[in-house]
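Sharing a structure, written as C-alpha cells. Questions coming.
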C-alpha cells in the first residue's frame with residue numbers, strides 16, 4: 001500500500017482509505033490475490049504424480065502427533081478447503097490446467 005500511496009501522490013497524513021487508492025490504481029484486493037496464489041500452488045501439487053515427495057508430505061497430515069493446548073494451527077489443507085468452498089470450486093478441476101486457471105483467476109478491476 002505504501003507504493004500505491006506514493007504512486008497516487010498521497011501520504012498517510014492525507015487519510016485516504018486503502019479501497020479508494022486500490023480503485024484509483026486498478027489493483028485487486030490483497031486477500032483475493034493471496035487466495036489465488038494459494039490455489040494455484042494447490043493445483044500444481046494436485047497435478048503431480050501421487051508418489052512425488054511434495055504431494056506426500058504437504059497434503060497429508062500425520063494423525064498420531066500430540067498437539068498442544070488451545071486452538072489448533074490452521075494448516076494448508078484447511079485453508080485450501082475453505083478457499084475451495086468459498087469460491088465454489090471442486091478439487092477435480094485442478095487436473096485440467098486451463099479450466100483451473102480460469103476458475104481461480106482474480107481479474108484486475
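Going through 55, 38 one at a time, which residue ends up being under 28 Å from residue 94 (Cα atoms) and in contact with a helix residue (DSSP H, G or I) (Cβ under 6 Å, 6 or more places away or on another chain)?
55
Hey, among 15, 5, 38, which residue is on the phi < 0 side of the Ramachandran plot and free of Cβ contacts under 8 Å to residues at least 24 places away in the same chain?
5
Every number in this text was worked out from the coordinates using simple rules, so none of it is lab data. Here the structure is a predicted model, which means the values were calculated and not measured. Because the Cβ atoms are built from the backbone with ideal geometry, glycine has one as well, and the counts that use them run over all protein chains shown.
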